[in-house]
Amino acid sequence: MLIFHQLAVVASILSAAHGAPAAICSYAANSIGEHWGWRHHKGSGEAVTPLGMPMQWQLDSVDANSVRLLVDSLASTDACVREVAVQLIGRTRDANEVLAATALIDRLGSNAAPMRQIAAYGLGLVASERAVDPLIRALKDHDVGVRNNAAWALGRIGNGRAVGALVGTLHDDSAMVREAATVAVGHMDSISVVPALIGLLHHDPSTGVRRAAAWALGQLDTQNADGDLSEALGQEKEAEVRVMIAWALGQHESHGAVSALSKAMRDDSYDDVRETSAWALGQIEDAGSTASLAQAVTSDHTARVRATAAWALGQIEPHPAPQGLIDGLKDADTDVRMKSAWALSQIEDSRAAPAIETALRQEQSPEVKKALIRALVHSGGHAEQTLGEFLHSSDPEVRRAVVRALAGDRIDPWPMPEPRPQPFP
């Protein structure tokens, strides 16, 4: 009875999808599908779907009868029906996963390129190990969409047996396929791909491929490419690639990249590059970057760069606290003041206490006030009188923080102000 009910539901979904405009189909399907986290910059490295765009879906696993109906629906002339069908197939599990994978592998041999495309896409959603060899063969398909989806699916599956074939695909005539293959190898823990990725970073004519190569190098647990990444940071013409290079160096916590990152944070004309370089320096936690970060807190013309530079100093915890960070308490931007206060609380320099007290008396933002209270307590200054002034604050959180501080509590834990989300291809 349950099987019949689910089959009826799936059939009704497919019936409703027939003829739906792409925008409506996309919106409706978002309520059905699995969101598994591969969202790429401007759609790069994504599979080619029947609607021509990547989707995010969510629905409980489907049963065997429904799988058969869905597989048959892949031959529909309606793009929305095909889109919904393949995404639902991607929700199969256990024994039904084998059924779905077998049917999709069979359709990977179809004479029709659109069917081979959607079959490769479905195999990536199912993520069946049984599909690895057929997908490797599909990397040589004459159709660009099939090759792209095969590379995407192999990255989704993550089986190391595909690494060699994917490295060969890094030289595909299609930039779209090269990018999908680059993202795929970035999901596989194999440092053997490093030389090929470095070659792409330096020489590939596609901005998207170079960006994906930088991301993939950042994913790999090796610093073998950090010299090339540092060099590329100063030579790359496209800002979006430089952002990813800076991110990769931060991922590796490469001390050898401090000079290149500091220069990029100081001189690059693009805000995102300067901000990501500041973030990377915070990840590396090298005291050698203290001066350049402190300068960025006071001199960069973009608030989010100044804020991230302050956050980075809190990661490094230099002693004594640099004057640039103390000056950040007077910044016109709330987030800069907040991160400067947080960083000073991490550094715990008693010499900063007078400046923190002054800032606390002048601050209007309740959130920054709480950060300053924490900084004052952690600095070890004698600030009972200053704190007492805020016992009657209109904000209950501020009053609570003051009470805890006067009681000798270090006000831990306190949310660490992370910088903005970092890039993904």
Quiz item: Can you list the HN-Hα couplings for the range 194-203, worked out from phi with the Karplus curve (6.51, -1.76, 1.60; θ = phi - 60°), rounded to whole Hz and with x for Gly and Pro?
Solution: 4, x, 5, 5, 4, x, 5, 4, 8, 10
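In the range 105-201, what is the volume of the convex hull around the alpha carbon atoms, normalised per residue and reported in Å³? Don't skip to the answer; put the middle values down first.
Numbers: hull volume 7.3 nm³, N = 97.
Hull volume over Cα atoms, normalised by residue count, gives 75 Å³.
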Quiz prompt | Relative exposure of Thr334, Thr222, judged by other C-beta atoms within 10 Å (fewest first) | solution = Thr222, Thr334
Quiz item: Which whole-angstrom value gives the distance between the alpha carbon centres of the range 227-277 and the range 96-162?
Solution: 36 Å
Practice problem: Check cross-link reach from Lys370 to the lysines: straight Cα distance under 27 Å, and skip same-chain residues fewer than eight apart. | Solution: Lys330, Lys339
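Could you tell me the convex hull volume per residue, in Å³, taken over the Cα atoms of the range 305-364? Write down the numbers at each step before the final one.
Working: hull volume 3.8 nm³, N = 60.
It is 63 Å³ per residue.
Every number here is computed from the coordinates shown, using simple stated rules; none is lab data. Predicted model only: the values in this text are computed from it and were never measured. Here the Cβ is made from the backbone with ideal geometry for all residues, glycine too, and neighbour counts use every protein chain on show.
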